[in-house]
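The values are calculated or read from the model by the stated rules, or taken from the named source; none is laboratory data. Note that the coordinates shown come from a computational prediction; the quantities given were computed from them, not determined experimentally. We place every Cβ from the backbone using ideal geometry, glycine too, and count neighbours over all the protein chains shown.
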């Protein structure tokens, strides 16, 4: 093959590989830690997984010393779309935060950012569920 044809073939293979969203292989891409590793995370869904419509789940986030962090904000967006969402309700008690009424209106890949905080520490966690 000529160098130009090799280049074209390689670019075509890369383009085709990029067409499949790797997150589609997972129903829920759930992190075990926040983005900078400040907090360990355990997330439990009321219904077992994210779904279209209203979602509720419990977040337990702790720092390295085992101190519980609070969820101080939740934002959700679909990459490539500009959907405005009503902020969900967040209730924290006894080391756990319940996020209620997070409405995910359509199928596809979502990015849900949890803002986590303790006095003097703050970090975000990105959840990337794919709704069918």
Assess whether residue 76 counts as being closer than 16 Å to residue 125 by Cβ, modelled with pLDDT under 95 and part of a strand (DSSP E or B).
yes
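Filtering the stretch 105-118 down to residues that are over 12 Å from the mean Cα position of the chain (by Cα) and modelled with pLDDT of 95 or more, which residue is nearest to residue 53 (Cα to Cα)? Before you say what the answer is, go through the steps one by one.
Step one: filter the stretch 105-118 for residues over 12 Å from the mean Cα position of the chain (by Cα), giving 105-108, 116-118.
Now drop any that are not modelled with pLDDT of 95 or more, which leaves 116-118.
On the way: 116: 24, 117: 27, 118: 30 Å.
Looking at residues that are over 12 Å from the mean Cα position of the chain (by Cα) and modelled with pLDDT of 95 or more, I get 116.
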Restricted to the stretch 80-104, and to residues that are modelled with pLDDT of 90 or more and not in a strand (DSSP E or B), which residue is surrounded by the fewest Cβ atoms within 10 Å (Cβ to Cβ)?
94
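In the stretch 37-59, what count of residues is obtained for those that are assigned to a strand (DSSP E or B) and under 15 Å from the mean Cα position of the chain (by Cα)? Even if it seems obvious, please write down each step before you answer.
The first filter runs over the stretch 37-59 and keeps only residues assigned to a strand (DSSP E or B), leaving 40-45, 53-59.
From the residues that got through so far, the ones that are under 15 Å from the mean Cα position of the chain (by Cα) too are 40-45, 55-59.
Residues meeting the conditions: 11.
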Taking the criterion of being modelled with pLDDT of 50 or more, under 17 Å from residue 110 (Cβ atoms) and in contact with a strand residue (DSSP E or B) (Cβ under 6 Å, 6 or more places away or on another chain), would at least one residue in the stretch 10-23 satisfy it?
no
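When you look at residue 63, is it over 18 Å from residue 129 (Cβ atoms) and either surrounded by 12 or more Cβ atoms within 10 Å (Cβ to Cβ) or touching a helix residue (DSSP H, G or I) at 6+ places or on another chain (Cβ under 7 Å) (or both), yes or no? Walk me through it before giving the result.
Details: over 18 Å from residue 129 (Cβ atoms): yes; either surrounded by 12 or more Cβ atoms within 10 Å (Cβ to Cβ) or touching a helix residue (DSSP H, G or I) at 6+ places or on another chain (Cβ under 7 Å) (or both): yes.
It is true that residue 63 is over 18 Å from residue 129 (Cβ atoms) and either surrounded by 12 or more Cβ atoms within 10 Å (Cβ to Cβ) or touching a helix residue (DSSP H, G or I) at 6+ places or on another chain (Cβ under 7 Å) (or both).
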